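A.B. asks: Please see the structure below; I have some questions.
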Amino acid sequence: MPEQASTIAQQVDALFYYWLGITLFFTVLIVAAIILFVVKYRRRAPGEIPRPIFGSMKLETIWIVIPFLIAMSLFVWGAKVYFAQYRIPKDALDIYVVGKQWMWKMQHPTGQREINELHVPMGRKIRLTMTTEDVIHSFYIPDFRVKMDVVPGRYTQMWFEATKPGRYHLFCAEYCGMNHSRMTGTVIVMRPDEYQAWLSGNTSQLSPAQQGEQLFQTLGCTTCHLNGGRDAGGRGPQLAGIFGKPVQLEGGQTVVADENYLRESILNPSAKIVAGYSAIMPTYQGQVSEEQLLQLIAYIKSLSPQSGNAAMTSANAAQAASSPNGQRR
Ligand code: CUA
């Protein structure tokens, strides 16, 4: 088995060994029974006719009840581990991942970019928000026992908390073309102080939220998305404070403003119209790259600090608060 280097690894392994144990037990039991019965009930004389058997309530009850209990134990335990692994915690460090044939591109909440390498602090929950520029890939770190498909046209998320400093394999686990087998990388887990030092040795970029804010202005989003929305004369809804909140749509439906909703609203604005607004927003399909989309979303997230958005450092928050466009959000 690969090393156990995340908080979930032991739980996954314990479940795996339990399952393996059950499988081995029944394999041995069945093979032993076959051998025993072959010997014990072999034909002893030519023309011998076996004694007929007419059912056994006791036996049938046993082989219904015992497998049922075993199957349910696997189901309950499996569901428990599944929820631990796939319920994304709110208090996590946000890292954005974009896959493409055949590399992984990452961006840290403080702006640092990496290709096929991911530096993370140990003992901290890390949340990855992932998409791809082309085909389906799958982000797989065996030592952490985590794997998640990376799908074109939408965001998938996964999380982990690394427990040991070191270098760990990162694989693409979905066949994605000629160089799929070389779409690999390294996750470097560092002690928190080392991670801070690494970050400060690589700060030449704006944070995703800051880059998103710049894009928000250059694309002209500020013209319509005013703070206060319609009441302030805005032609588009206000974006501050919406992330993670329910949004009332035309026609009475309600959706939660998550990453996938924001993405759809940027690329296909007429798909879901917010109640009280008209479908006048143009599409930005083809005008923004996957990475820019993630930056726009990081910016919109940063306008809702209570959504548990860890991407906002205090420096970013101060920067955002003193921004000259503060009143236009
Ligand atoms: Cu990407 Cu396989």
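The values are calculated or read from the model by the stated rules, or taken from the named source; none is laboratory data. On a predicted model such as this, the values are computed, not experimentally measured, just so you know. Every residue, glycine among them, receives a Cβ derived from its backbone with ideal geometry; neighbour counts consider all protein chains shown. With ligands, DNA and RNA removed, areas are computed over all heavy atoms of the protein, side chains included. Shrake-Rupley method; radii C 1.70, N 1.55, O 1.52, S 1.80 Å.
A.B. asks: Can you sort 156, 7 by 1.4 Å-probe accessible area, starting with the largest?
C.D. replies: 7, 156
A.B. asks: Still on this model: Semi-axes of the chain's equivalent ellipsoid from the Cα gyration tensor, sqrt of 5 times each eigenvalue, largest first, rounded to whole Å?
C.D. replies: In descending order the semi-axes read 52, 26, 18 Å.
A.B. asks: Using a 1.4 angstrom probe, figure out how much accessible area region 9-86 has per residue, in square angstrom, rounded to the nearest whole. Provide the component values of the computation, followed by the final result.
C.D. replies: Details: 6800 Å² over 78 residues.
Dividing the accessible area of region 9-86 by its residue count gives 87 Å².
A.B. asks: Give the range of the longest stretch in the chain that excludes all chymotrypsin sites (Phe, Trp or Tyr not before Pro) found in loop regions by DSSP and having at most 14 other beta-carbon atoms within 10 Å. Numbers along the way, then the final one.
C.D. replies: Numbers: sites that count: 41, 54, 175.
Segment 176-329 is the longest.
A.B. asks: Measure up 80/105; 80/100; 80/164; 90/147; 80/301; 100/301 against 28 Å on the Cα-Cα distance and list the ones that go over. The partial results should precede the final answer.
C.D. replies: Numbers: 80/105 32 Å; 80/100 33 Å; 80/164 24 Å; 90/147 19 Å; 80/301 30 Å; 100/301 25 Å.
Result: 80/105; 80/100; 80/301 exceed 28 Å.
A.B. asks: What list of ³J(HN,Hα) values in whole Hz, one per residue of region 295-303 in order, does the Karplus curve 6.51 cos²θ - 1.76 cosθ + 1.60 (θ = phi - 60°) give from phi, with Gly and Pro shown as x?
C.D. replies: Values, residue by residue: 5, 4, 5, 4, 5, 4, 4, 5, 7 Hz.
A.B. asks: Putting +1 on Lys and Arg Cβ atoms and -1 on Asp and Glu Cβ atoms, find which of 202, 260, 243 reaches farthest to the positive end of the dipole of region 164-311.
C.D. replies: Of the listed residues, the answer is 202.
A.B. asks: Over region 208-311, what number does the Rg to Rh ratio reach, with both radii from the alpha-carbon atoms and Rh per Kirkwood?
C.D. replies: With Rg and the Kirkwood Rh in hand, the quotient comes to 0.93.
A.B. asks: Carbon and sulfur: what percent of the chain's accessible surface (1.4 Å probe)?
C.D. replies: Exposed carbon and sulfur together represent 61 percent of the surface.
A.B. asks: Using protein chains only and a probe of 1.4 angstrom, how many square angstrom of residue 61 are accessible, to the nearest 10?
C.D. replies: The accessible area comes out at roughly 70 Å².
A.B. asks: Using a 1.4 angstrom probe, figure out how much accessible area region 93-204 has per residue, in square angstrom, rounded to the nearest whole.
C.D. replies: In whole numbers, region 93-204 has 41 Å² accessible per residue.
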